[in-house]
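Student: I'd like to ask some things about the structure below.
The values are calculated or read from the model by the stated rules, or taken from the named source; none is laboratory data. Note that this is a predicted model, so its numbers are computed, not measured. When we count neighbours, we look across all protein chains shown, and the Cβ atoms used for this are built from the backbone with ideal geometry, even at glycine. For accessibility, only protein heavy atoms count, side chains too; no ligands or nucleic acids. Shrake-Rupley method; radii C 1.70, N 1.55, O 1.52, S 1.80 Å.
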Amino acid sequence: PPSPVEVHPWGRQAAFAEVEVDPETGRVEVKKVVMVNDVGRVINPGSVAGQQYGGVYMGISRALGEEIVYDPETGVKLNDSLAWYYVPTIADVYPVHAIAVETGLGYGAYGLAGVGEDPAALTRALLRSAVYNAIGKWVDEDPMTPDRVLRVLGRT
Amino acid sequence: MGRPFRPFEVVNPTTIEEAASILSEYRGRAWPIAGGTDVLRVMRFRPLPDNLYPEVLVNLKTIRPSLEYVEEDGNVLRVGALTRLADLARSDVVRERYAALAEAAGRAASPQIREMGTIGGNISQLPRCWYFRKPDNRFPCKRKGASDTCFASSGDNRYHSIFGDINGCYAVNVSDVAPALIALDARIMTNRRSLRAEDLWDVRAPSSTVLDYDEIITEIRVPRPPEGSRSAFHKFALRSSIDFPIVNGAALVGPNAARVALNAVYGKPYRAVKAEDVVSGKPLPLDVATVEAAADAAVSDAKPMEHNKWKISVARAVVKQLLTAVAT
């Protein structure tokens, strides 16, 4: 059998998100996110929480705003400043409830599983489902900016 | 990007005449500087052709008496052109009686920029089209006087004008204060003349106003809105701070007033006359059907580009939001 040190300590997780979509502007507003991670064993609570909260914010940022825009004719990058690369500001945040569960079922020391990019990766995918649940249509393009939501709603 | 500045001088005139005389002497190679939140950026990242940069910056902050003040003079609000956006947003008299202006000033840019940026600078800012702004004049476009091409017209124009071009340029005016001034029927005073707010803006290479190179905005005058009227401002942007507007607007509605202006939808601020016609004369508060009709009318002349049809829906929603805020 593989040595425990060589096995990646994947954790299990579940997340829930509530969103509101304005069908006239295409704006997606996150109302609340609950992020549950089975980290096996919490060694540093601050770090774990940091990954959970931070990951949720990053995941939503990627799902709703972040994109690099290239000019279709020349390939030149058009948004090369943070003024046009949309990372949410502190005024854009919403309640996040992060819960770390300790099952001790990880392969690491003390049964730890770890929590790294899990919340960020999951949240991004989760948002797409949340928007589908809200408007009954899949916004397949990334990120789900108002223009893409409106296109899918046929309001363009 | 972020190369060192080209050498330039700064002069600190103490009177408006002195400032105008220096600007005149340099025939466009001297620029006024107030808060400097955009001037310095343009000089650093150099989106413009080389021949357009200033050799001299004329500092307006040393002019005395100071151009920074907010005073109500009888029935007229007088705002010095160098008044910081943050001070305008905080002013009690502006918040209470000229609400759209306070709301607009408070929603422009970010807290830090609002402490430096002035109302004069905000209403005369250069366009933010990403082709226009790409550093090192990567796209020598019509708006810069560098060619006959508008790169946005065949490129990514998702944020560009939904009412067509002005002089071949499809970039939008992104001032947040502009629509509030139009809705409030303000006048712009310069060292030369007095203009209705909506006559200030134009599309020139590269300027966004009708001002001559030796003309300085000195004061903005806003008449006290008629009794029983209300004004509001609304901005649609992806984030709650820092972003330029995707569509913004302001409205003033009352028993004897119906003024609706949008911005970031056209090369200059757009007075939604058709929306005003729907609202004008209708009994207040407006019913939902009238608000919807006015919103439809506001965008009825839209001429979308390949990627910006979505902005029509947003503009319509902004008008709805505005009329709901002031007239229902």
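Student: Specify the residue that is nearest to the chain's Cα centre (by Cα); the eligible residues are those in the range A:79-131 that are under 14 Å from A:Tyr53 (Cβ atoms) and hydroxyl-bearing (Ser, Thr, Tyr).
Tutor: That would be A:Thr123.
Student: Please enumerate the residues belonging to the range B:196-232 that are open to solvent by 20 Å² or more (accessible area, probe 1.4 Å) and hydrophobic (A, V, I, L, M, F, W, C).
Tutor: B:Ala205, B:Val210, B:Leu211 - these are the residues of the range B:196-232 that are open to solvent by 20 Å² or more (accessible area, probe 1.4 Å) and hydrophobic (A, V, I, L, M, F, W, C).
Student: Say we look at the range A:86-113 and pick out the residues that are open to solvent by less than 30 Å² (accessible area, probe 1.4 Å) and touching a Gly at 6+ places or on another chain (Cβ under 6 Å); which of these is nearest to the other protein chains (Cβ to nearest Cβ)?
Tutor: So, considering only residues that are open to solvent by less than 30 Å² (accessible area, probe 1.4 Å) and touching a Gly at 6+ places or on another chain (Cβ under 6 Å), the one nearest to the other protein chains (Cβ to nearest Cβ) is A:Tyr86.
Residue-wise test of (1) in a strand (DSSP E or B); (2) touching a residue at least 24 places away in the same chain (Cβ under 8 Å).
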| residue | (1), (2) |
| --- | --- |
| B:Arg192 | no, no |
| B:Ser207 | no, yes |
| B:Gly228 | no, yes |
| B:Phe233 | yes, yes |
| B:Gly267 | no, yes |
| B:Ala295 | no, yes |
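Student: Test A:Tyr57 against the criterion of being out of contact with any helix residue (DSSP H, G or I) (no Cβ under 8 Å at 6 or more places or on another chain), farther than 27 Å from B:Ile242 by Cβ and part of a helix (DSSP H, G or I), and give yes or no. Please lay out each step first, then the result.
Tutor: Numbers: out of contact with any helix residue (DSSP H, G or I) (no Cβ under 8 Å at 6 or more places or on another chain): yes; farther than 27 Å from B:Ile242 by Cβ: no; part of a helix (DSSP H, G or I): yes.
Judged against the criteria, A:Tyr57 is not a match.
Student: When you look at A:Val56, is it in contact (Cβ under 8 Å) with a residue 12 or more places away in the chain, among the aliphatic types (A, V, I, L, M), surrounded by fewer than 17 Cβ atoms within 10 Å (Cβ to Cβ) and at negative phi, yes or no? Give the steps one after another, and end with the answer.
Tutor: Numbers: in contact (Cβ under 8 Å) with a residue 12 or more places away in the chain: yes; among the aliphatic types (A, V, I, L, M): yes; surrounded by fewer than 17 Cβ atoms within 10 Å (Cβ to Cβ): no; at negative phi: yes.
Criteria not met by A:Val56.
Student: Quick check: anything in the range B:124-141 more than 14 Å from every other protein chain (Cβ to nearest Cβ), free of Cβ contacts under 8 Å to residues at least 60 places away in the same chain and not basic (Lys, Arg)?
Tutor: The answer is no; no qualifying residue exists.
Student: Hey, can you tell me all the residues within the range B:145-172 that are in a helix (DSSP H, G or I), in contact with a Phe, Trp or Tyr (Cβ under 7 Å, 6 or more places away or on another chain) and either away from chain A (no Cβ under 14 Å) or among the polar types (S, T, N, Q) (or both)? Break it down into steps so the answer makes sense when it comes.
Tutor: Initial filter on the range B:145-172 (in a helix (DSSP H, G or I)): B:151-154.
Filter once more, keeping what is in contact with a Phe, Trp or Tyr (Cβ under 7 Å, 6 or more places away or on another chain): B:151-153.
The answer is B:Ser153, and nothing else.
Student: Can you report the number of residues in the range A:114-156 which are part of a loop (DSSP other than H, G, I, E, B) and either more than 12 Å from chain B (Cβ to nearest Cβ) or not small (Gly, Ala, Ser) (or both)?
Tutor: Taking the range A:114-156 and keeping what is part of a loop (DSSP other than H, G, I, E, B), we get A:114-117, A:136-145, A:153-156.
Retained after the next criterion (residues that are either more than 12 Å from chain B (Cβ to nearest Cβ) or not small (Gly, Ala, Ser) (or both)): A:114-117, A:136-145, A:153, A:155-156.
Total meeting the criteria: 17.
Let's see how each residue does on (1) open to solvent by 70 Å² or more (accessible area, probe 1.4 Å); (2) in a loop (DSSP other than H, G, I, E, B); (3) away from chain B (no Cβ under 11 Å):
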| residue | (1), (2), (3) |
| --- | --- |
| A:Asn37 | no, no, yes |
| A:Ala49 | no, no, yes |
| A:Gln52 | no, no, yes |
| A:Arg62 | yes, no, yes |
| A:Trp84 | no, yes, no |
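Student: Now, a different point. Mind checking which residues of the range B:184-227 are modelled with pLDDT of 95 or more and acidic (Asp, Glu)?
Tutor: Result: B:Asp185, B:Glu198, B:Asp199, B:Asp202, B:Asp212, B:Asp214, B:Glu215, B:Glu219.
Student: Go over the candidates A:Pro72, A:Pro2 one by one and state the one that is open to solvent by 50 Å² or more (accessible area, probe 1.4 Å) and either at pLDDT below 90 or away from chain B (no Cβ under 14 Å) (or both). Write out each step before concluding.
Tutor: Working: A:Pro72 fails: either at pLDDT below 90 or away from chain B (no Cβ under 14 Å) (or both).
Just one listed residue meets the conditions, A:Pro2.
Student: Then there's this: Scan the range B:281-293 for residues that are open to solvent by 70 Å² or more (accessible area, probe 1.4 Å) and either in contact (Cβ under 8 Å) with a residue 60 or more places away in the chain or not in a helix (DSSP H, G or I) (or both) and jot them down.
Tutor: Result: B:Gly281, B:Lys282, B:Pro283, B:Leu284, B:Pro285, B:Asp287.
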